[in-house]
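Novice: Right, I'll just put the structure down here and ask away after.
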Amino acid sequence: MKRSGVLAAVPIMLLWALLVGMGAGPGAEVPKPEIDFKATILDDQDISTKIHQASWEGNIFFTGLRGKGVVTISFEKVRKVVSVGISTGNNKDFQITLKNGDIVAVSFDVDARFQGVTDFGTYRIIARNIKEIHFE
(Lines give C-alpha, C1' and ligand atoms only; values in the text may rest on other atoms or scores of the structure.)
Protein backbone atom coordinates (compact mmCIF):
# COMPACT_ATOMS: atom_id res chain seq x y z
CA MET A 1 0.00 0.00 0.00
CA LYS A 2 2.88 2.39 0.75
CA ARG A 3 4.35 1.68 -2.64
CA SER A 4 1.22 2.83 -4.52
CA GLY A 5 1.26 6.11 -2.57
CA VAL A 6 4.86 6.73 -3.61
CA LEU A 7 4.04 5.91 -7.23
CA ALA A 8 1.13 8.35 -7.19
CA ALA A 9 3.37 11.11 -5.82
CA VAL A 10 5.97 10.79 -8.61
CA PRO A 11 3.79 12.33 -11.40
CA ILE A 12 2.76 15.14 -9.06
CA MET A 13 6.40 15.92 -8.24
CA LEU A 14 7.34 15.88 -11.95
CA LEU A 15 4.48 18.24 -12.79
CA TRP A 16 5.54 20.56 -9.96
CA ALA A 17 9.15 20.59 -11.23
CA LEU A 18 8.02 21.47 -14.76
CA LEU A 19 5.76 24.29 -13.59
CA VAL A 20 8.40 25.79 -11.31
CA GLY A 21 10.91 25.77 -14.19
CA MET A 22 8.50 27.73 -16.40
CA GLY A 23 8.70 30.75 -14.11
CA ALA A 24 12.40 31.35 -14.69
CA GLY A 25 13.30 34.81 -16.01
CA PRO A 26 15.06 35.45 -19.30
CA GLY A 27 18.68 34.40 -19.49
CA ALA A 28 21.63 36.52 -20.47
CA GLU A 29 21.50 35.24 -24.05
CA VAL A 30 19.74 36.96 -26.93
CA PRO A 31 18.83 35.41 -30.29
CA LYS A 32 21.65 35.32 -32.84
CA PRO A 33 20.08 35.95 -36.25
CA GLU A 34 21.54 34.55 -39.46
CA ILE A 35 22.47 38.06 -40.67
CA ASP A 36 24.48 40.38 -38.40
CA PHE A 37 22.63 43.71 -38.54
CA LYS A 38 24.26 46.60 -36.68
CA ALA A 39 22.27 49.45 -35.15
CA THR A 40 22.45 52.33 -32.70
CA ILE A 41 19.54 52.73 -30.32
CA LEU A 42 18.61 55.98 -28.60
CA ASP A 43 16.34 55.38 -25.62
CA ASP A 44 13.86 57.75 -23.97
CA GLN A 45 16.63 58.91 -21.59
CA ASP A 46 18.80 59.93 -24.58
CA ILE A 47 21.29 57.12 -23.92
CA SER A 48 22.83 55.81 -27.13
CA THR A 49 23.85 52.15 -27.42
CA LYS A 50 25.53 50.43 -30.38
CA ILE A 51 24.63 46.80 -30.97
CA HIS A 52 25.24 44.05 -33.49
CA GLN A 53 23.24 40.87 -34.11
CA ALA A 54 20.13 43.06 -33.85
CA SER A 55 16.72 41.42 -33.78
CA TRP A 56 13.10 42.35 -33.17
CA GLU A 57 11.47 39.66 -31.05
CA GLY A 58 14.15 37.28 -32.36
CA ASN A 59 13.50 38.16 -36.03
CA ILE A 60 15.35 40.32 -38.55
CA PHE A 61 12.22 42.20 -39.50
CA PHE A 62 9.82 44.54 -37.75
CA THR A 63 6.23 43.45 -37.29
CA GLY A 64 3.68 46.12 -36.52
CA LEU A 65 0.23 47.46 -37.21
CA ARG A 66 -0.53 49.77 -40.09
CA GLY A 67 -4.14 50.77 -39.67
CA LYS A 68 -6.04 47.52 -39.25
CA GLY A 69 -3.40 45.49 -41.10
CA VAL A 70 -0.19 43.84 -39.97
CA VAL A 71 3.03 44.64 -41.83
CA THR A 72 6.51 43.17 -41.74
CA ILE A 73 9.51 45.22 -42.85
CA SER A 74 12.90 43.57 -43.28
CA PHE A 75 15.89 45.18 -41.56
CA GLU A 76 17.60 45.13 -44.98
CA LYS A 77 15.21 47.88 -46.13
CA VAL A 78 15.35 50.08 -42.99
CA ARG A 79 17.53 53.16 -42.47
CA LYS A 80 15.95 54.38 -39.21
CA VAL A 81 12.99 54.01 -36.86
CA VAL A 82 11.71 57.03 -34.94
CA SER A 83 9.10 57.26 -32.18
CA VAL A 84 6.38 59.76 -33.05
CA GLY A 85 4.31 60.10 -29.93
CA ILE A 86 3.48 58.57 -26.63
CA SER A 87 2.15 55.07 -25.96
CA THR A 88 -1.60 54.69 -26.15
CA GLY A 89 -2.85 51.50 -24.61
CA ASN A 90 -0.67 48.63 -25.77
CA ASN A 91 0.77 50.41 -28.82
CA LYS A 92 3.27 53.13 -29.63
CA ASP A 93 3.53 54.92 -33.00
CA PHE A 94 6.73 54.97 -35.05
CA GLN A 95 7.89 56.12 -38.46
CA ILE A 96 10.19 53.78 -40.33
CA THR A 97 12.39 55.49 -42.91
CA LEU A 98 13.40 53.07 -45.62
CA LYS A 99 16.73 53.16 -47.47
CA ASN A 100 14.87 54.31 -50.59
CA GLY A 101 13.54 57.36 -48.69
CA ASP A 102 9.94 56.18 -48.22
CA ILE A 103 8.42 56.60 -44.76
CA VAL A 104 6.07 53.99 -43.32
CA ALA A 105 3.91 54.72 -40.25
CA VAL A 106 3.48 51.71 -37.95
CA SER A 107 2.44 50.94 -34.39
CA PHE A 108 4.40 48.49 -32.28
CA ASP A 109 3.27 46.61 -29.20
CA VAL A 110 4.84 48.54 -26.30
CA ASP A 111 6.30 45.32 -24.88
CA ALA A 112 7.90 44.13 -28.15
CA ARG A 113 11.68 43.79 -27.71
CA PHE A 114 14.57 45.02 -29.80
CA GLN A 115 17.72 43.21 -28.77
CA GLY A 116 21.31 42.50 -29.67
CA VAL A 117 24.86 42.31 -28.43
CA THR A 118 27.11 45.18 -27.33
CA ASP A 119 30.85 45.22 -26.71
CA PHE A 120 30.06 44.90 -23.00
CA GLY A 121 27.21 42.35 -22.98
CA THR A 122 23.69 41.67 -24.22
CA TYR A 123 21.09 44.39 -24.72
CA ARG A 124 17.29 44.41 -24.66
CA ILE A 125 14.85 47.29 -24.84
CA ILE A 126 11.08 47.33 -25.15
CA ALA A 127 9.35 49.49 -27.76
CA ARG A 128 7.87 51.73 -25.06
CA ASN A 129 11.40 53.01 -24.27
CA ILE A 130 12.74 53.40 -27.82
CA LYS A 131 13.22 56.91 -29.14
CA GLU A 132 15.22 56.07 -32.32
CA ILE A 133 17.00 53.20 -34.02
CA HIS A 134 19.58 53.87 -36.75
CA PHE A 135 20.83 50.97 -38.87
CA GLU A 136 24.36 50.96 -40.30
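Novice: If I ask for residues that are touching a strand residue (DSSP E or B) at 6+ places or on another chain (Cβ under 6 Å) and not hydroxyl-bearing (Ser, Thr, Tyr), which ones from segment 29-42 would you list?
Specialist: Of everything in segment 29-42, those that are touching a strand residue (DSSP E or B) at 6+ places or on another chain (Cβ under 6 Å) and not hydroxyl-bearing (Ser, Thr, Tyr) turn out to be Val30, Pro31, Lys32, Pro33, Asp36, Phe37, Lys38, Ala39, Ile41, Leu42.
Novice: Is it fair to say Glu29 is under 22 Å from Asn129 (Cα atoms), modelled with pLDDT under 95 and surrounded by fewer than 16 Cβ atoms within 10 Å (Cβ to Cβ)?
Specialist: On the way: under 22 Å from Asn129 (Cα atoms): yes; modelled with pLDDT under 95: yes; surrounded by fewer than 16 Cβ atoms within 10 Å (Cβ to Cβ): yes.
So Glu29 fits the description; yes.
Novice: Suppose the filter is crowded, with 16+ Cβ neighbours inside 10 Å, of a type in the set (Val, Ile, Thr) and at pLDDT 95 or above; does Thr49 pass it?
Specialist: In short, no.
Novice: A further question on this structure: Can we say Asp93 is farther than 24 Å from Glu29 by Cα and either touching a strand residue (DSSP E or B) at 6+ places or on another chain (Cβ under 7 Å) or touching a residue at least 60 places away in the same chain (Cβ under 8 Å) (or both)?
Specialist: The answer is yes for Asp93.
Novice: Just for segment 80-101: of the residues that are among the charged types (D, E, K, R) and more than 23 Å from Asp119 (Cβ to Cβ), which one is surrounded by the fewest Cβ atoms within 10 Å (Cβ to Cβ)? Please lay out each step first, then the result.
Specialist: Going residue by residue through segment 80-101, those that are among the charged types (D, E, K, R) are 80, 92-93, 99.
Checking which are more than 23 Å from Asp119 (Cβ to Cβ) leaves us with 92-93, 99.
Details: Lys92: 24, Asp93: 17, Lys99: 11.
By that ranking, first place goes to Lys99.
Novice: Moving on to the next point. Can you tell me how many residues in segment 113-136 are among the hydrophobic types (A, V, I, L, M, F, W, C), touching a residue at least 12 places away in the same chain (Cβ under 8 Å) and under 14 Å from Val30 (Cβ atoms)?
Specialist: Final tally of qualifying residues: 4.
Novice: Now a separate question. Could you tell me whether any residue of segment 75-95 is modelled with pLDDT under 85, under 14 Å from Ala127 (Cα atoms) and of a type in the set (A, V, I, L, M, F, W, C)?
Specialist: For segment 75-95, residues modelled with pLDDT under 85, under 14 Å from Ala127 (Cα atoms) and of a type in the set (A, V, I, L, M, F, W, C): present.
Novice: Filter segment 94-136 for residues that are of a type in the set (D, E, K, R) and within 16 Å of the chain's Cα centre (by Cα); which is nearest to Asn59 (Cα to Cα)?
Specialist: This residue is Arg113.
Novice: Considering only segment 118-136, state which residues are surrounded by fewer than 17 Cβ atoms within 10 Å (Cβ to Cβ) and farther than 21 Å from Gln95 by Cβ.
Specialist: Thr118, Asp119, Phe120, Gly121, Thr122, Arg124
Novice: Specify the residue that is farthest from the chain's Cα centre (by Cα); the eligible residues are those in segment 64-83 that are part of a strand (DSSP E or B) and free of Cβ contacts under 8 Å to residues at least 24 places away in the same chain. Before you say what the answer is, go through the steps one by one.
Specialist: Here is the first cut: in segment 64-83, the residues part of a strand (DSSP E or B) are 64-66, 69-74, 78-83.
Add one more test, that the residue is free of Cβ contacts under 8 Å to residues at least 24 places away in the same chain, and what stays is 69-70, 72, 74.
Values: Gly69: 20, Val70: 17, Thr72: 14, Ser74: 14 Å.
Here the answer is Gly69.
The values are calculated or read from the model by the stated rules, or taken from the named source; none is laboratory data. Owing to the predicted nature of the structure, the values given are computational and were not obtained by experimental measurement. Because the Cβ atoms are built from the backbone with ideal geometry, glycine has one as well, and the counts that use them run over all protein chains shown.
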